[in-house]
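Step one of this worksheet: look at the structure below.
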Amino acid sequence: MILRRAAAVVMGFGLLSLGISVQAIPVIDDTPIVEDTFTGYLDNAPISASPAGAAIGLAGDWTLVPNSDFYVNRTQVDDNAGTGQAVYDRPSGDNGTREATRATSADHVLFETDGDLFYASFLIDPALANGRMTFELALTRLDGGGTPDFSFGMLDGEYVVGNGGIDVDASGGSARTGEQLVVVRIEYGDADSGPDDSEIVTVWVDPIDESSAAVIDALSTDLLNRGGGRVTAVSIRGEQMLGQPAFFDNLRVGPSFEAVIPEPATLPLLALGLVALGVARRSR
């Protein structure tokens, strides 16, 4: 009995120290460049309502293309959607493109030189995995030479990435319904020509870490223009949803995988450590 209690205490402190030590080492930047969790709105308000909810790196209100149907916490659609969600609720039979866009508050540089990485993610709960549901970044070249867009999400039953609009550069996996976290990593290519001029794209659905199985796995494709780029706006897009609502949440752009994941990876370790210490105390 004494040995079991001692082992539990040692394990608890060991797990706690591991979690704390991981958090204390400044190895990665886990601060999002852009984040909108859709909090701070009244129930059933359109996401373009002024003032917009608090966000990191974003300015002003969301703007909607005509007849777009984006709301926050729309409880008529989902009684549980009262904790900050953007609800895309296009009426049945109206198949036009719907888009909501919000500008960034500063020139956030995402990539400058060959090999630079950036990440983006969103949480989605679609009722129907057909149609288009994407998160789009508006990017401006650092040299002022144009405005390429970049988007990722679902299209016609697959997960996709593309250079904005309706273009698809890569697809993979089978889009499913139910709440899921879609994460993308882009390794920027900035050579004059050849393979090093292409981007390396990876897309995950509900990943645990970067070693998780991907739905688009390290695919080489030329998505972005040369000369580096900064993000100037973010958009959520939907179309061809046949009247089915989709719930978006936690839009994030950042410099690391950890920056776009909802919870720090060390929290499970800390919780496990506390549980072990609790077991040891009760056994006394």
> From the residues in the range 50-73 that are closer than 19 Å to residue 107 by Cα and hydrophobic (A, V, I, L, M, F, W, C), which one is least open to solvent (accessible area, probe 1.4 Å)?
Replying inline: 62
> Of the residues 146, 189, 157, which single one is open to solvent by less than 10 Å² (accessible area, probe 1.4 Å) and over 23 Å from residue 35 (Cβ atoms)?
Replying inline: 189
>> For a quick check of your reading: which strands (runs of 3 or more DSSP E) sit entirely within the range 21-73 and have at least 2 residues that are modelled with pLDDT of 90 or more and among the acidic types (Asp, Glu)?
In response: 34-36
> Could you count how many residues in the range 162-188 are within 11 Å of residue 201 (Cα to Cα) and over 16 Å from the mean Cα position of the chain (by Cα)?
Replying inline: 5
> For the range 192-229, which residues satisfy the criterion of being surrounded by fewer than 19 Cβ atoms within 10 Å (Cβ to Cβ), within 20 Å of residue 138 (Cβ to Cβ) and among the small types (Gly, Ala, Ser)?
Replying inline: 227
> residue 86 versus (1) under 20 Å from the mean Cα position of the chain (by Cα); (2) modelled with pLDDT of 85 or more: which is the lone unmet condition?
Replying inline: (2)
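The values are calculated or read from the model by the stated rules, or taken from the named source; none is laboratory data. Here the structure is a predicted model, which means the values were calculated and not measured. Don't worry about glycine lacking a Cβ; one is built from the backbone with ideal geometry, like all the others, and counts go over all protein chains shown. For the accessible areas, the whole protein counts, side chains as well, though only heavy atoms, and no ligand, DNA or RNA atoms are used. Shrake-Rupley method; radii C 1.70, N 1.55, O 1.52, S 1.80 Å.
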